[in-house]
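*Asks:* Okay, handing you the structure first.
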Amino acid sequence: MPEDHVTKAPGGCPFSPQARRFDPFGPEYQADPADALRFSREGEPVYFSEVLNHWVVSRYDDIKAVFRDNITFSPANALEKITPPTDEALAVLKQYDFNLQRTLVNEDEPVHTERRRALLGAFAPEALAAHGTRVRALVRERVDAIIDKGRADLVQALSWEVPFLVALNFLGVPEDDHEKLRAFSVAHTLNTWGRPTPEEQIEIAHGVGRFWQYSGAVLERMKAEPAGQGWMHDMIRANRENPEVVTDNYLHSMMMAIIVAAHETTALAGGNMMRRLLEDRTAWEAVCARPELIPNAVEECLRHSGSVVAWRRVATVDAEIGGVVIPRGGKILMVTASANHDPRHFDNPDALDIWRENTAEHLTFGYGSHQCMGKNLGRMELRIMLEELTRRLPHMELVAQEFTFLPNTSFRGPERVLVRWDPARNPERRAPALREAVREFPVGPPDARALAREVVVTEARLEADGVQGLVLEDADGAALPGWSPGAHVDLILPSGESRRYSLCGAPGEETRYRLAILREEGGRGGSIWLHENACAGTRLKLRGPRNHFRLDEDAPAHLLVAGGIGITPVLAMADRLRALGRAYALHYCGRSRARMAFLPRLARDHGAALSLYPGDEGARLDLAQLFAQAPAGAQICACGPERLLDAMEDAAATRPDVVLSIEHFTPKPALDPSREHAFALELADSGITLSVLADRTILQVLREAGIDVSSDCEEGLCGSCEMPLLEGEPDHRDRVLSRAERKGGRRIITCCSRAKGGKLVLGA
Ligand code: FES
């Protein structure tokens, strides 16, 4: 590896001493991996750790890009021992004929997709739903066993054993000695992702060797049952029918790896979830009072304190990540725990926010073609555990304790979670029927769109002609989630319809949201209802905030353009740039001064940067000049009427070296099945072909097939449902992709866009 690749950041600066000395076995990372990488997320997102001999990647977008490209960034080293084994340990492993090779986790294309395709059926939502009864019975049995005791270690009593038994059942593996398998799992984790001393390596090698032989023996027993049920039996049959694809060694390697993978990540996630929710009493009580929050709360725990905190890849060619060149053969540690705390993707990321709208976009399950196949089974188990505990033991509390973790780079969960409660206060002593009053949830990711919090209007006043300003606070006085400039919320009207409005609060206001609503006489009626009915004391429902219109604080220059009510997100951006002490220019167009909101505040706070263009005074913004004079690399953020945004897109064509970020609020017309045609949708990574009928969207069809796709607006406005397009001619109907992006033909917005021809191929 050339020296300059090892020690230099882009621009030739050396990596900082903190980066070069980064050691995931040090106390900071072991205590809190996301916090240990804060310095990296903030200023050094890709660097070389000399201690670990790996390139470390910490930001969300960079890690997602690496996951997405498994040709350039091979998973071949995902199960490699991160601490090189000693000769003595290797000799011990040899005694056991240990020969773990490729599994689903560390194999390359094209064989990976072929095998994954052969083994996917059992993970379809309808196939998984059948496991719900078994999971419920196991959880209930475990809670019955502790409910009158008043104390428990939730890891021992529940979150380790339930996933373990569910995994064995799913795989069709006989339920053997639990404790022996638990010891094997620990040995496998330390062997692969730990830093054992030479003496410990010997002991661990014996444990791993015994595990290898144990899994081989179980496999032989299972082969003798040709009609056996479960995923491993499917694999044994695939081995019989297609031994070239599902080889003998693959079968044995998978047997060992899957026993660990199928339960350990869920077991650790259960411990993390219970710890985090019980530490945050407000969140715990909210879940007890509103069980519909459970799917989102589980997902937020997976984001905030995931059980899988890092994955590895190796560069197959010289490649770039975040502007840093990784040489061919360079090993990469992607710290997904850090990505899940990246403020560029998650607002206020260190807070546990069980209402968080985009929480399911976390990378704890990985991303792309190697994404965890068992994610929906894990979600189901965690939801049922949380549902049983919050319903039957809402008064449970944590005992003061120090949490300990198995020292390794990649898997994380407390070894014990000690809790106590007063059995005399158990709700089912007064109401025995409560034991049976379960609440079930559909298989799959949470639907954040189904969640809404109640807010109350505390102030309403005219900000300009036809512009109503509203201040909203939580109806129960709770803090509202943090937000970043460009964010919006959805207000849900009494009719059940929702409307999006950008946040435009003053800096530092943490318990209230400010909105400005333009009365649209020709609109759908939402703004008129709010103008005529929203006053101090009015209660409303609200979803969000979400942000698809982000300020790039690292851009070398910023130009902000607002037209009419588009000033709301732009004002928040200007406030942020001013607070950061950055240079910016703010151009604000409107029909007349009387109709332009916030003029006094703009003059006060942004006077030096502000240019006003009231149309009735003949003032016009010269877009050609604006783009011509924009410094290279500048971010131009614009929000306003469609004709202004279209004109900006035209002008941007002349300056490919600036970044135009725009926010639309008007969707294109809804799907009209009588004018559409059906087409085929091939998913290259999953190896399946679906049919998109004239009355379905691509997004709906993907979800019905069990593919996780985020969404928010489902109107082509936000971009959260975007997917890679590999082949086919798209009929773009969104308001997100720029003209250049459409021309590039590599992306599609799945909630509204379709095919011009008979087929599209997506990377999914
Ligand atoms: Fe918003 Fe598709 S969900 S663009």
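*Asks:* With the condition being in contact (Cβ under 8 Å) with a residue 24 or more places away in the chain and on the phi > 0 side of the Ramachandran plot, I'd like the helices (runs of 4 or more DSSP H) fully within the stretch 229-325 carrying at least 1 qualifying residues.
*Replies:* none
*Asks:* Ok, one more. Which residues, taken from the stretch 440-461, are assigned to a strand (DSSP E or B) and either touching a residue at least 12 places away in the same chain (Cβ under 8 Å) or among the β-branched types (V, I, T) (or both)?
*Replies:* R453, E454, V455, V456, V457, T458, E459, A460
*Asks:* Return the total of residues in the stretch 328-340 being surrounded by 24 or more Cβ atoms within 10 Å (Cβ to Cβ) and in a loop (DSSP other than H, G, I, E, B).
*Replies:* Of the residues in the stretch 328-340, 2 are surrounded by 24 or more Cβ atoms within 10 Å (Cβ to Cβ) and in a loop (DSSP other than H, G, I, E, B).
*Asks:* Assuming S661 fulfils every condition listed in (1) open to solvent by less than 50 Å² (accessible area, probe 1.4 Å); (2) small (G, A, S); (3) in contact with a Gly (Cβ under 9 Å, 6 or more places away or on another chain); (4) away from the ligand (no atom under 16 Å from the Cβ) apart from one, which condition is it?
*Replies:* It fails just one condition, (4).
*Asks:* From (1) in contact with a Pro (Cβ under 6 Å, 6 or more places away or on another chain); (2) away from the ligand (no atom under 15 Å from the Cβ); (3) free of Cβ contacts under 8 Å to residues at least 60 places away in the same chain, pick out the condition that doesn't hold for D672.
*Replies:* For D672, the exception is condition (1).
*Asks:* Being outside any helix (DSSP H, G or I) and at pLDDT 90 or above: is that true of R582 here? First the steps, then the outcome.
*Replies:* On the way: outside any helix (DSSP H, G or I): yes; at pLDDT 90 or above: yes.
When the stated conditions are applied, R582 passes them.
*Asks:* When you check E387 against the structure, is it touching a Ser or Thr at 6+ places or on another chain (Cβ under 7 Å) and under 26 Å from A129 (Cα atoms), yes or no? Explain how you work it out, then say what you get.
*Replies:* Details: touching a Ser or Thr at 6+ places or on another chain (Cβ under 7 Å): no; under 26 Å from A129 (Cα atoms): yes.
Criteria not met by E387.
*Asks:* Is it true that some residue in the stretch 151-159 is within 30 Å of S74 (Cα to Cα), surrounded by 15 or more Cβ atoms within 10 Å (Cβ to Cβ) and of a type in the set (S, T, Y)?
*Replies:* no
*Asks:* Restricting attention to the stretch 581-597, report how many residues are open to solvent by less than 70 Å² (accessible area, probe 1.4 Å) and farther than 12 Å from A562 by Cα.
*Replies:* Let us first name the residues in the stretch 581-597 that are open to solvent by less than 70 Å² (accessible area, probe 1.4 Å), namely 581, 584-590, 592, 594, 596-597.
In the following step, the residues that additionally are farther than 12 Å from A562 by Cα were identified as 581, 584, 592, 594.
So the count comes out to 4.
*Asks:* When only residues in the stretch 683-699 that are open to solvent by 60 Å² or more (accessible area, probe 1.4 Å) and either in a strand (DSSP E or B) or touching a residue at least 12 places away in the same chain (Cβ under 8 Å) (or both) count, which is farthest from G728 (Cα to Cα)?
*Replies:* So the first thing to find is which residues in the stretch 683-699 are open to solvent by 60 Å² or more (accessible area, probe 1.4 Å), and the list is 689, 691, 693, 695-696.
Now drop any that are not either in a strand (DSSP E or B) or touching a residue at least 12 places away in the same chain (Cβ under 8 Å) (or both), which leaves 689, 691, 693, 695.
Working: T689: 14, S691: 14, L693: 17, D695: 20 Å.
Restricting to residues being open to solvent by 60 Å² or more (accessible area, probe 1.4 Å) and either in a strand (DSSP E or B) or touching a residue at least 12 places away in the same chain (Cβ under 8 Å) (or both), the top hit is D695.
*Asks:* Kindly check whether there is at least one residue in the stretch 733-747 that is on the phi > 0 side of the Ramachandran plot and surrounded by 16 or more Cβ atoms within 10 Å (Cβ to Cβ).
*Replies:* Of the residues in the stretch 733-747, the ones on the phi > 0 side of the Ramachandran plot are 745.
Checking the rest, the ones that are also surrounded by 16 or more Cβ atoms within 10 Å (Cβ to Cβ) come to none.
No.
*Asks:* I'm trying to understand the selection: among the residues of the stretch 528-554, which are in contact (Cβ under 8 Å) with a residue 40 or more places away in the chain, of a type in the set (S, T, N, Q) and away from the ligand (no atom under 16 Å from the Cβ)? Give the derivation first.
*Replies:* Filtering the stretch 528-554 down to residues in contact (Cβ under 8 Å) with a residue 40 or more places away in the chain leaves 530-531, 534-552.
Adding the requirement that they be of a type in the set (S, T, N, Q) leaves 538, 547.
T538, the sole residue that qualifies.
*Asks:* While we're on this one: Picking from R703, R742, which residue would you name as being among the charged types (D, E, K, R), closer than 30 Å to G563 by Cβ and either outside any loop (DSSP other than H, G, I, E, B) or more than 16 Å from the ligand (Cβ to nearest atom) (or both)? Let's see the steps before the verdict.
*Replies:* On the way: R703 fails: closer than 30 Å to G563 by Cβ.
Testing whether each residue is among the charged types (D, E, K, R), closer than 30 Å to G563 by Cβ and either outside any loop (DSSP other than H, G, I, E, B) or more than 16 Å from the ligand (Cβ to nearest atom) (or both) leaves just R742.
*Asks:* Only one of (1) open to solvent by 10 Å² or more (accessible area, probe 1.4 Å); (2) in a strand (DSSP E or B); (3) not charged (D, E, K, R) is not met by L491, so which one is it?
*Replies:* (1)
*Asks:* Considering only residues that are outside any loop (DSSP other than H, G, I, E, B) and among the charged types (D, E, K, R), which ones fall in the stretch 658-676? Show your work before the answer.
*Replies:* Step one: list which residues in the stretch 658-676 are outside any loop (DSSP other than H, G, I, E, B), which gives 659-663, 673-675.
The answer is E663, R675.
*Asks:* When you look at R655, is it in a loop (DSSP other than H, G, I, E, B), surrounded by 15 or more Cβ atoms within 10 Å (Cβ to Cβ) and more than 16 Å from the ligand (Cβ to nearest atom), yes or no? If you could, list the steps in order and put the result at the bottom.
*Replies:* Numbers: in a loop (DSSP other than H, G, I, E, B): yes; surrounded by 15 or more Cβ atoms within 10 Å (Cβ to Cβ): yes; more than 16 Å from the ligand (Cβ to nearest atom): yes.
When the stated conditions are applied, R655 passes them.
*Asks:* Additional query: Suppose the filter is open to solvent by 50 Å² or more (accessible area, probe 1.4 Å), away from the ligand (no atom under 14 Å from the Cβ), not in a helix (DSSP H, G or I) and not polar (S, T, N, Q); does P724 pass it?
*Replies:* Numbers: open to solvent by 50 Å² or more (accessible area, probe 1.4 Å): no; away from the ligand (no atom under 14 Å from the Cβ): yes; not in a helix (DSSP H, G or I): yes; not polar (S, T, N, Q): yes.
When the stated conditions are applied, P724 does not pass them.
*Asks:* Further, regarding this structure: Among F39, F48, F25, which is the only one that is assigned to a loop (DSSP other than H, G, I, E, B) and either on the phi > 0 side of the Ramachandran plot or open to solvent by less than 70 Å² (accessible area, probe 1.4 Å) (or both)?
*Replies:* Only one candidate passes the filter, namely F25.
*Asks:* Which ones in the stretch 189-199 are surrounded by 15 or more Cβ atoms within 10 Å (Cβ to Cβ) and not in a loop (DSSP other than H, G, I, E, B)? Explain how you work it out, then say what you get.
*Replies:* In the first step, residues of the stretch 189-199 are kept if they are surrounded by 15 or more Cβ atoms within 10 Å (Cβ to Cβ); the result is 189-196.
Scanning the stretch 189-199 gives T189, L190, N191, T192, W193.
Yes or no, residue by residue, for (1) in contact with a Cys (Cβ under 7 Å, 6 or more places away or on another chain); (2) more than 30 Å from V51 (Cβ to Cβ); (3) of a type in the set (A, V, I, L, M, F, W, C); (4) modelled with pLDDT under 95:
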residue	(1), (2), (3), (4)
G271	no, no, no, no
M274	no, yes, yes, no
A286	no, yes, yes, yes
I294	no, yes, yes, no
S305	no, no, no, no
T336	no, no, no, no
N340	no, no, no, no
F346	no, no, yes, yes
W355	no, yes, yes, yes
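*Asks:* In this structure, does S711 turn out to be open to solvent by less than 50 Å² (accessible area, probe 1.4 Å), in contact (Cβ under 8 Å) with a residue 12 or more places away in the chain and more than 13 Å from the ligand (Cβ to nearest atom)? Working first, answer last.
*Replies:* Numbers: open to solvent by less than 50 Å² (accessible area, probe 1.4 Å): yes; in contact (Cβ under 8 Å) with a residue 12 or more places away in the chain: yes; more than 13 Å from the ligand (Cβ to nearest atom): no.
Considered against the rule, which asks whether it is open to solvent by less than 50 Å² (accessible area, probe 1.4 Å), in contact (Cβ under 8 Å) with a residue 12 or more places away in the chain and more than 13 Å from the ligand (Cβ to nearest atom), S711 comes out as no.
*Asks:* Please verify whether G763 is out of contact with any Cys (no Cβ under 6 Å at 6 or more places or on another chain) and more than 15 Å from the ligand (Cβ to nearest atom), treating the condition exactly as stated. Walk me through it before giving the result.
*Replies:* On the way: out of contact with any Cys (no Cβ under 6 Å at 6 or more places or on another chain): yes; more than 15 Å from the ligand (Cβ to nearest atom): yes.
Criteria met by G763.
*Asks:* Given (1) within 23 Å of A124 (Cβ to Cβ); (2) within 20 Å of the chain's Cα centre (by Cα); (3) in a loop (DSSP other than H, G, I, E, B), identify the lone condition not met by R383.
*Replies:* (3)
*Asks:* Now for a different question. Output yes when any residue across the stretch 469-476 is within 29 Å of the chain's Cα centre (by Cα), closer than 17 Å to L503 by Cα and buried (at least 18 other Cβ atoms within 10 Å of the Cβ), and no when none is. Step through it out loud before you land on a result.
*Replies:* Step one: filter the stretch 469-476 for residues within 29 Å of the chain's Cα centre (by Cα), giving 472-476.
When the remaining residues are screened for being closer than 17 Å to L503 by Cα, the result is 472-474.
Keeping just the survivors that are buried (at least 18 other Cβ atoms within 10 Å of the Cβ) gives 472.
Scanning the stretch 469-476 turns up at least one residue that is within 29 Å of the chain's Cα centre (by Cα), closer than 17 Å to L503 by Cα and buried (at least 18 other Cβ atoms within 10 Å of the Cβ).
*Asks:* Which members of the stretch 91-108 meet the condition of being touching a residue at least 60 places away in the same chain (Cβ under 8 Å) and either assigned to a helix (DSSP H, G or I) or on the phi < 0 side of the Ramachandran plot (or both)? Spell out how you get there, then give the answer.
*Replies:* Going through the stretch 91-108, the residues touching a residue at least 60 places away in the same chain (Cβ under 8 Å) turn out to be 92-93, 95-105.
V92, L93, Q95, Y96, F98, N99, L100, Q101, R102, T103, L104, V105 - these are the residues of the stretch 91-108 that are touching a residue at least 60 places away in the same chain (Cβ under 8 Å) and either assigned to a helix (DSSP H, G or I) or on the phi < 0 side of the Ramachandran plot (or both).
The values are calculated or read from the model by the stated rules, or taken from the named source; none is laboratory data. Here the structure is a predicted model, which is why all the values come from computation and not from measurement. Every residue, glycine among them, receives a Cβ derived from its backbone with ideal geometry; neighbour counts consider all protein chains shown. When the accessible area is computed, the model is the full protein with side chains, heavy atoms only, and any ligands, DNA or RNA have been set aside. Shrake-Rupley method; radii C 1.70, N 1.55, O 1.52, S 1.80 Å.
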